[in-house]
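Read the structure below first, then the notes.
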Amino acid sequence: MIATLLAVTVAAVPVPADAHRVAVKISSWGPRPAASERERRAHLLIGRVFRRAGLRVGVQDFRVPGGRRSRNVIGVFDTPRSCLRIVMAHADSTANAPGANDNASGLGVLAELAPRLKAIDPGCDVWLVATGAEERVYTGSPDHLGALALARLVKERDLASRLRYALSLDEVGRDRPFWLRSPVSGPRPRVESALLTAASRVGVPVSWVRDESTGNSDHREFELLGLPAAKLGVGAGGEPCRHNPCDRPSRLDPKSLVLARRMTAEALRAR
Ligand SMILES: [Zn+2]
């Protein structure tokens, strides 16, 4: 009887998604360019993690050049409050790179956040989004296509005034301190300052550095449409293996992933 009870108890406790494990798994499949089978596989995995975590999951399908299709997988966590925060990470890589830091790392953090949202008790509604077709060097598009579709969705649904920010997690798997990047002239109280405050509250070293131009991650399309957004990613050391075959799973640093998750969780908790 005791053995049965124990078995039932163990089975009922969901295994928490581990950012490092998820990032290693996805990047071990090899390159996953936009609209490829491997990009789809990464989206399916994240969708399963979101569903298992009890999030409402939606798929936003969109076209990429060449007539193929990619998608954004959106996991929704509702609260009684009307404000909204988006945390997104692109699922695709370039055609030659296994994309471990760029950006299985961001997907890993999304996967680790999903089952924790209830305990985090977020101060606003949360959308966790695995975007598609970010890599412009591969799609040939001037825009990060998943982010463009997502930012348009926010506007179409009249959520613009409710959106506090959309945060892109992109290359959070090594090289700390992180940089928080956005194209604005200085930190905004409810965007960059709120994120930096959250980081310092949990002891995660982050500095805000203005984007050189309009930005090189999914936050770009939000800002271009007048929606507040920023990117958390690699720091001063840069990512020498970006878009390169050496961006392998073995380079991922579990500690970096834990810090990125801790900072994001604290930012979502803020009222
Ligand atoms: Zn990236």
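The values are calculated or read from the model by the stated rules, or taken from the named source; none is laboratory data. What you are looking at is a predicted structure, and each value in this text was computed from that prediction instead of being measured. Ideal geometry is used to build each Cβ from the backbone, glycine not excepted, and the neighbour counts take in all protein chains shown. Accessible surface is based on the protein model in full, side chains and every heavy atom, while ligands, DNA and RNA are left aside. Shrake-Rupley method; radii C 1.70, N 1.55, O 1.52, S 1.80 Å.
With all protein chains in place and a 1.4 Å probe, the accessible surface of segment 57-172 carries 48 percent carbon and sulfur.
Ligands, DNA and RNA are left out, and with a 1.4 angstrom probe the accessible area of the chain is 42 Å² per residue. Taking 7 Å steps out from each Cα toward its Cβ at Lys118 and Val137 produces label points 4.2 nm apart. Answer rounded, prolate or oblate for segment 136-271, using the Cα gyration tensor with square roots of eigenvalues a ≥ b ≥ c: rounded when a/c is under 1.5, else prolate when a/b is larger than b/c, else oblate. Because a/c hits 1.5 or more and a/b fails to exceed b/c, segment 136-271 counts as oblate. Taking the chain as a whole, each Cys residue has some other Cys C-beta under 4.7 Å from its C-beta. Computed on the chain, with alpha-carbon pairs under 8 angstrom and 6+ residues apart, the relative contact order is 24 percent.
Spin-label model, Ser193/Arg48: points 7 Å from Cα along the beta carbon direction are separated by 4.4 nm. In this structure the amide hydrogen of Ser168, modeled in the peptide plane, comes within under 5 Å of the amide hydrogens of Met88, His219, Ala230, Lys231, Leu232, none closer than 5 places in sequence on its chain. Between Asp158 and Cys246, full extension at 0.36 nm per residue minus the direct alpha carbon distance yields a gain of 27.5 nm. Reducing segment 190-260 and segment 104-144 to their Cα centroids gives an inter-centroid distance of 12 Å. Simple rule: put +1 on each Lys or Arg Cβ and -1 on each Asp or Glu Cβ in segment 158-271, find the dipole, and look at Ala166, Val204, Pro249; the Cα lying farthest toward the positive end is Val204.
Karplus-based coupling profile of segment 52-57, in residue order and whole Hz: 4, 7, x, 7, 7, 10, with θ = phi - 60° in 6.51 cos²θ - 1.76 cosθ + 1.60 and x standing for Gly or Pro. Computed over every Cα-Cα pair of the chain and binned at 5 Å starting from 0, the pair-distance distribution P(r) comes out as 1, 7, 14, 19, 21, 18, 11, 5, 2, 1, 1, 0, 0, 0 percent.
Derived scalar couplings between HN and Hα for segment 19-30 equal 4, 5, 4, 5, 5, 5, 4, 5, 6, 6, 6, x Hz in order, rounded to whole Hz, by the Karplus curve 6.51 cos²θ - 1.76 cosθ + 1.60 (θ = phi - 60°), x for Gly and Pro.
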